[in-house]
Every structure is written in C-alpha cells, then in structure tokens.
Amino acid sequence: MQVGFIGLGAMGAPMAANLAARLDTRVWNRTATVAQAHADAHGSQAVEELTDLAGVDVVCSCLPTTVEVEAVARVLAPALEEGTVWLDHTSGDPQQARDLAAWLGGQGVDYLDAPVSGGTDGARAGTLTVMVGGDRDALAEVGDVLDAVAGRVVHVGPSGAGMAVKAVNNALLAAALWAAAEGFAALEKAGVPTSVALEVVNASSGRSNGTENLFPQRVVTRAFPNTFALGLLAKDVGLARATLDAAEVEGPVLHLVDRLTAAAASALGPDVDHTELVRMVERATGVELH
Ligand code: NDP
C-alpha cells in the first residue's frame, strides 16, 4: 500500500514517521526542506509537487484548517486514481468537510474526516485516538494506515461528524483550563500554592487532563512547551460554538469560553502554547500559579 502524507507539522511529522516505518510513504510539505529532512530522518520519500502524490492508495492530510486542505485537494484530486481514500487528520470545519467530501466524491475520491487527539506525545507513540466521519466501507480500507498512527479508532457518524466531535472535545479542554486557572488563582490568594491544590484536586472529583497533566507539566513549571498553538485551540473552540449554533443549542458556557479563548489568542499571539491562556487569569488577578 502506498500512502501520501501532506503537512509535516507538530502532529503530521511524527504521524508520517510512524507510517514510513511500516508502509511506502511519500511526504509533501509547503516548505519543501521540511519534507526532505523528514525523508532523511525517517525513510519517507519527499516529493516537491503535490501531483507527485498521484498513484497513492491513501492520502493523509494534517493542516491547520479545512481551508488549506481544500486548497491542496483542488490541486491534487484530479491527479488521483478512482477509489483513492483521503484521510483528513486536520481538526477542521464540519460543514466545510462535508462540502469537500461531496466535491472529492465527484472526483472518485472517498474523503473521511479523521481528526485526532492525544497530542504530540500520542503522535510520536502511534497511540492517537482517531474520530472518523464518513463512509464505513472506505474506513475499512484504511485499517493498515490507521494501525500505524492510532491506539483507538472510533467511527462517530456521517461526513463532518468527526470534525464536530473534535471541536467539542477541544472546547471541553479549553473550558477546563479556564475554570482551573480561575480556581487556582483564588487559592493562591488564599495562601494555597497551585502545586499543593493539584495534589488534592487530582485525587478528587475536580480533576481533568488539564489538572493531571497540563498544569503540573507546563504551568507550575512555567515551561509552557509549545506543542499545540493557542491559535489552533481558539479555532477549535470557534468551531465548537458554530456546531452548537448549527444545532440550535444555546450554550452560554461554550460561547463564553470561545470569547475568552479568542481574546487570549489575540492578546498573547496565536503561536504560544495553548496552556499560556492561564496568563490572562494571572494578569487579571495579579498572581502567578506555582
Ligand atoms: P503546525 O502548525 O505544527 O503544522 C502545520 C502544518 O501545515 C505545517 O506542515 C505547515 O507547513 C502546513 N501548512 C500551513 N499552512 C499551509 C498552507 N497554506 N498550505 C499548505 N500547508 C500549510 O500544526 P499542528 O501539526 O500542531 O496541527 C495540525 C492540525 O492538527 C491542526 O488542525 C490542529 O488543530 C490539529 N491538532 C494538533 C494537535 C497538537 O497537539 N499540536 C493535537 C491534535 C490536533 P510549513 O512547514 O510550510 O509551515
């Protein structure tokens, strides 16, 4: 089986490395030197033109938004063979993904929205959770590809459903980060260091991925390693808000989380790690979370 991988960023590069360890994998990246470095390090084959991916059985993409995926699809799809499956690992827009699936279907290409969770650690370990929207038969054809990158694959519904689940998941992540930052700021003012509060919360019912992993590893250490950009999280929460709106669910909590996260990305810049949003609470309260 031949695979083509588009987008060798923080997630795409380790995913494509795991694919190249098992399958014949060609890689394309907007910045071509990144693709060549990937080939040198991981045994993939770098291609310079998107259309050099013609002939692969499966195309994987992992780009910032569906807008970039659509742009590469317009160039590549006419060169693909009938029956090619396109696995889009981007955290994208559900409606745009449905439209893209329909257009690619007209070109004989089966598009599956297949965003991932598990972060860069999960991408390196090949243990990502993949949430798939679209045709089950097409999904059955790409088992070997998903085995190389995923620990869990869940078919969640029709086209666009994978994107919707991903957006809601990340809105829950953002909500938990904001709520924890506010609570810990109040506790710092009451004389309780965040590291001490975390010992209690993580043995209690208020715990989350944020309190168990992100606060201890990134916030309390003040390391804020940049693995998932705040701008990308803000994009995801915006997609979640749009998903609620489309379903006519009022959602005051997630609307507020959307406004806060968008404001943080604009104040701190989109490229900092997503956990740096706690700095907004620190600035407003005058305490640092340690
Ligand atoms: P990065 O910013 O690290 O990488 C983005 C990739 O997209 C790069 O390969 C970049 O190429 C390419 N790219 C950007 N703009 C364009 C364009 N206009 N045309 C073609 N290629 C382009 O992002 P991540 O890997 O972090 O995220 C990718 C997707 O995965 C996003 O949807 C994100 O929300 C999602 N995600 C991220 C997670 C994480 O922990 N980082 C976890 C789960 C999902 P170039 O090298 O030229 O800049």
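Throughout, read-outs are computed from the coordinates displayed, never taken from laboratory work. All of these numbers come straight from a predicted model, not from anything done at the bench. Glycine also receives a Cβ, built like all others from the backbone with ideal geometry; neighbour counts cover every protein chain displayed.
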Q: For segment 164-285, just say rounded, prolate or oblate: build the C-alpha gyration tensor, square-root its eigenvalues into a ≥ b ≥ c, call rounded for a/c under 1.5, and beyond that prolate if a/b exceeds b/c, oblate if not.
A: prolate
Q. Separation between the Arg30 and Val154 pseudo-spin-labels, each 7 Å from Cα along Cα→Cβ, expressed in nm?
A. 3.1 nm
Q) What number, rounded to the nearest 500 deg cm²/dmol, is the helix-based mean residue ellipticity at 222 nm of the chain, given -39500 (n - 2.57) per DSSP H run of at least four residues and division by all its residues? A) -15500 deg cm²/dmol
Q. Whose amide H sits under 5 Å from the amide H of Leu289, counting only residues 5 or more places off or on another chain, with H placed in the peptide plane?
A. none
Q: Just check the chain against the gyration tensor rule for me: Cα atoms, a ≥ b ≥ c as the square roots of the eigenvalues, rounded for a/c under 1.5, and otherwise prolate or oblate depending on whether a/b exceeds b/c.
A: prolate
Q: State the Cα centre-to-centre distance between segment 1-30 and segment 196-238 in whole Å.
A: 29 Å
**Q.** Cut-off 14 Å between beta-carbons: net charge of the residues surrounding Asn29, Lys and Arg +1, Asp and Glu -1
**A.** -3
Q. In nm, to one decimal, how far is the Ala140 label point from the Arg207 one, both placed 7 Å along Cα→Cβ?
A. 4.0 nm
Q) How long is the gain from Arg22 to Glu288 if the chain were fully straight, where each residue apart is worth 0.36 nm and the alpha carbon distance is subtracted? A) 91.2 nm
Q) Using a basic spin-label model with each label point 7 Å from the Cα along Cα→Cβ, how many nm lie between Glu81 and Arg222? A) 5.8 nm
Q | Rel. contact order, % - alpha carbon contacts under 8 angstrom, at least six apart, the chain | A | 14 percent
Q: Evaluate E = 1/(1 + (r/R0)^6) for Trp103 and Met1, where r is the Cβ-Cβ distance and R0 equals 30 Å; express this FRET efficiency to the nearest 0.05.
A: 0.75
Q.
I want the local charge near Phe215. Using Cβ-Cβ distances under 15 Å, sum +1 for each Lys or Arg and -1 for each Asp or Glu among the other residues.
A. -4
Q. Under a 5 Å amide H to amide H cut-off, with H placed in plane at 1.01 Å, what residues pair with Val153 once short-range neighbours are removed?
A. Val130
